[in-house]
Every structure is written in C-alpha cells, then in structure tokens.
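*Asks:* I'd like to ask some things about the structure below.
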Amino acid sequence: MFEPEEIRKDFPILQRKIGGKEIVYLDSGATSQKPKQVIEAISKYYETNNANVHRGAHTLGDESTQLLEEARETIAKWIGGKSEEVIFVRNTTEAINLVAYGWGLDNLKKDDVILTTEMEHHSNIVPWQEVARRTGAKVEMVKVTSEGLLDQDNYKDKLKLKPKLVAMVQVSNALGTINPIVEMTKQAHKIGALVLVDGAQAVPHMKVDVQKIGCDWYAFSGHKMLGPMGIGVLWGKKEILNKMSPFLTGGGMISEVYVDHSTWTELPEKFEAGTPNVAGAVGLVSAIEYLDRLGIENVREHDKWLTVYGLQLIAGVEGVEILGPRDAELRSGSISFTYTGVHAHDVATVLDSQGVMVRSGYHCTMPLHNKLGVVASVRVSFNVYTTKNDIDRLVEALLEVKKIFGK
Ligand code: PMP
C-alpha cells in the first residue's frame, strides 16, 4: 500500500488553499488532478520535441512521431492489446461515437437491437439513439435493480432479442457499481453480439486487461486517470477495426486521394484524421508510469479502503441515503447519496463553502436517476491522493448542511 498523504505532495493543485482551508477534492470521477510528473512531461514535450508527426522530414518531426508511437505501445501493453489496436481519440465520448458511426451505421439495419443499460453515462446512450434514428435499429436497456446492480435475469431476457451489440459500462460513474463484465461479455458473444465496454471509471481504479474481459471494443479517457484532458483511447480488435469505416476523414488517415475518391491508410492511422495530440499522449504515458509505480493493485486496495470508510461514515449522517450497493467489493471510486429535504445542488454549495468539492446533479445518468426516483444526487469520488482526512472533512461539512437547513 502507499501513503496518500505522501502522494498528495505530487499534486500542485492540492497545495492550494481556498478560504484558508486545504482543498478537499472529491470530484475525481469528473476529472482527476494531475501529478507534477505528468505536468512536467507535457511541458518537456513542448520545450524539446514539439513538431507535427509524420509530415516533417526532420529531427523534431521524427522525435514527435516516435513519442506518439511509443505512447501507443505503452498503452497497448498496459491494457493487454496490440499497438495498432490503440486508437487515439479525445475522450471516452469520442471513442464511443467512433464505434457508433464507424461500425453502427454500416452494420445496423431496421429493427436490429442495440442493447445498453439503464446505468449508462449519456455518452453510451445518446450515440446509440442517434445511430438507431438513422438506421431504424432499436435501443433496449438492461434494467437496474433497486440495489444499483444490473439485473442479470433481465440481461438474459434481453439477450433473447438477439442484439447485434451490447454497449455497457464496467464501473458506473453514478453508483460506483462494478459490473460482472467478463461473464456478461461471454453471454453476449454466445448469441453473436459484439461488445463495447465503457471503461472511463474502471481504468483509473483497477487492472484492466482487454483480453481477459474478451470485449470487442474498450473506451476510456486519460483525464480521469491522472492524465491530461483531450486524450483518450479506443481499443478494438484488429479484425473488427479493419472492417470498420473511418469516423473522421481528412489528412493523416488517407493512402491516396484522387479528385473523385480516396483510399484509407492502415490501422491505427485510419481512425486518426488530423494532427494528433502528441503532448496528451506523452502526458498519458507519464500517468500510466505513475500508476505503475504505485501498483494498480494498491490503487484498487486504497480505493476499496476509502469506499468502506466513506460508506460507513457518510451513511451515519442523519438524512443521508446512499445509492448503489453497500458491499465495497462491488463498487469502485465513488459514493453517491441524497440528503432528505435538501436539493443536491444546495448540499454541494454548502460543502463548497467548507472547501469540499463534490459533484451534484444527475452526473450524465438521467435514465438511471429517473429509474431510482431521484431528481439529483451528490457524488463524492476518489483517486490516489484522496485521504481519510478528506472523508472526515466531508462528514464535518455535511453536518454544516444540517445546521443551515435545519434538516
Ligand atoms: N462514461 C463514463 C462512465 C463516465 O464516467 C464518463 C465521464 N464522466 C464518460 C463516459 C465520458 O467521458 P468523457 O467526458 O471523458 O468523454
């Protein structure tokens, strides 16, 4: 295990004081803070290697290209894929849209079923609704139980509809639920569906191996795992990516361009039109190295420990109702709750006045909140720099809510 109090020293932003108080940052699910190693790696790239890739037949261009390709290799190794299967995108949202438009538009037709879940982030719902609108396919959703788990009986029933695609989240951003993704992927493959996994909240907190999961595509964002904003990854099986159409077209992804038609280059560039975010890729490598130094198993243990401690303390506050499973083994990274009689935005405002930063609203999971009958919730989410003291400060600040609202 590592010492989060020590880890905090690597994060310049956490040294800031607001209103004379140390920052309690409990919004890592939205975006994580960045260690100085990541910030320095990005600066170093711009100070020493910056040039556009491939195009310049000069030293800086070569260095920049090499850094991008080394980043691809590091990421591939980290998630258990091949480097040509790693497509750089901006974020999870773009990765899912790439599959929706690059695979969905060509492979779905009227009355085909796209199976997603009630637990999805809007990023794994709306692109499928758009593809359904254009192709005549239908979106079905696996139900969520009152405990905040995917209803496995309902999943089996929905698989009887023979969906062409199952698009599901590994770790829920709103509930923290860890879904049994390996087993669910197996079941989907048995009926011939392809599987896309939204790993945005999984990669920051646990070991992810796409081979072990067995999925066909895996999407994640760099900014939630200590890396910079603006870089994300779509991993896909080579044979599937090879058959897909490009999502964005233009420079950098073509083989030949004629007046009346063009041909595409090989993977992975086929999906990477335009100038890539090399600095972002370099920063993401630095984030992976940072997590590797801590040991991703230790990151998971730390996260589990915080979840146990947080669940216990937060649930003890009068008026608080925790959403999602109570068993820390089944959750990761975050705890969402409601406060009886006080709107989540009001709770968040009071917490902010105490230097405690949380997220309030429906966290881009409106269908889930509707299903649970909750208008909005407060979410506290962790990362490697989150300490026991952060949770204690949260609970103290929650008592302030009681004082102010008298609830
Ligand atoms: N899926 C999940 C589960 C998420 O938590 C998020 C970010 N909140 C996204 C998708 C979208 O990620 P991004 O905004 O980086 O595209």
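*Asks:* With Cβ to Cβ distances under 14 Å as the rule, what net charge do the other residues near Lys143 carry (K, R +1; D, E -1)?
*Replies:* -4
*Asks:* Moving on to the next point. Just rank Met168, Met229, Met1, fewest to most, by other beta-carbon atoms within 10 angstrom.
*Replies:* Least to most surrounded, the residues fall as Met1, Met229, Met168.
*Asks:* Throw me the Rg/Rh for region 274-407, computed over C-alpha atoms with Kirkwood Rh, two decimals.
*Replies:* 1.04
*Asks:* How about region 296-403: which trypsin sites (Lys or Arg not before Pro) there lie in a loop by DSSP and see at most 14 other Cβ atoms within 10 Å?
*Replies:* Of the trypsin sites (Lys or Arg not before Pro), the ones in loops of region 296-403 whose Cβ has at most 14 other Cβ atoms within 10 Å are Arg326.
*Asks:* What number comes out for the charge environment of Asp112, summing +1 per Lys or Arg and -1 per Asp or Glu over other residues with Cβ under 11 Å away?
*Replies:* +3
*Asks:* Hey, can you rank 101-108, 284-291 by average C-beta count inside 10 Å, highest first?
*Replies:* 284-291, 101-108
*Asks:* If you don't mind, there's one more thing I want to ask. Tell me, what does the Kirkwood hydrodynamic radius of region 5-93 come to in angstroms if you use every pair of distinct C-alpha atoms?
*Replies:* Answer for region 5-93: a Kirkwood hydrodynamic radius of 16.0 Å.
*Asks:* Please rank Thr74, Thr92, fewest neighbouring Cβ atoms within 10 Å first, as an exposure proxy.
*Replies:* Working: Thr74 18, Thr92 28.
Starting with the residue having the fewest Cβ neighbours, the order is Thr74, Thr92.
*Asks:* Based on alpha-carbon positions alone, could you give the equivalent ellipsoid semi-axes of region 210-280 from the gyration tensor, as √(5λ), descending, whole Å?
*Replies:* After scaling each eigenvalue by five and taking roots: 25, 18, 7 Å.
*Asks:* Going highest first, how would you order 221-228, 156-163 by mean Cβ packing within 10 Å?
*Replies:* 221-228, 156-163
*Asks:* Once you have the Cα-Cα distance between Thr349 and His189, take 0.36 nm times their residue separation minus that, and quote the gain in nm to one decimal.
*Replies:* 53.0 nm
*Asks:* Here's something else I'd like to know. Thr93: net charge of surrounding residues, Cβ under 14 Å, Lys/Arg +1, Asp/Glu -1, itself excluded? Before the final figure, lay out the partial values.
*Replies:* On the way: positive: Arg90, Lys224; negative: Glu94, Glu120, Glu130, Asp198.
Surrounding charge for Thr93 is -2.
*Asks:* Same structure again: So what's region 39-292 giving for Rg/Rh, alpha carbon basis, Kirkwood Rh from the mean inverse pair distance? Each step should come with its number before you reach the end.
*Replies:* Numbers: Rg = 18.6 Å, Rh = 18.8 Å.
Looking at region 39-292, the ratio lands at 0.99.
*Asks:* Quick one: in region 20-153, what % of C-alpha pairs are over 18 Å apart? Each step should come with its number before you reach the end.
*Replies:* Values: 6487 of 8911 pairs.
Tail of P(r) above 18 Å: 73 percent of Cα pairs.
Each reported figure results from applying straightforward, stated rules to the coordinates on display, with no laboratory input. All figures in this text were calculated on a predicted structure; none of them were measured in a lab. All Cβ positions, even for glycine, are placed from backbone atoms using ideal geometry, and neighbour counts span all protein chains on display.
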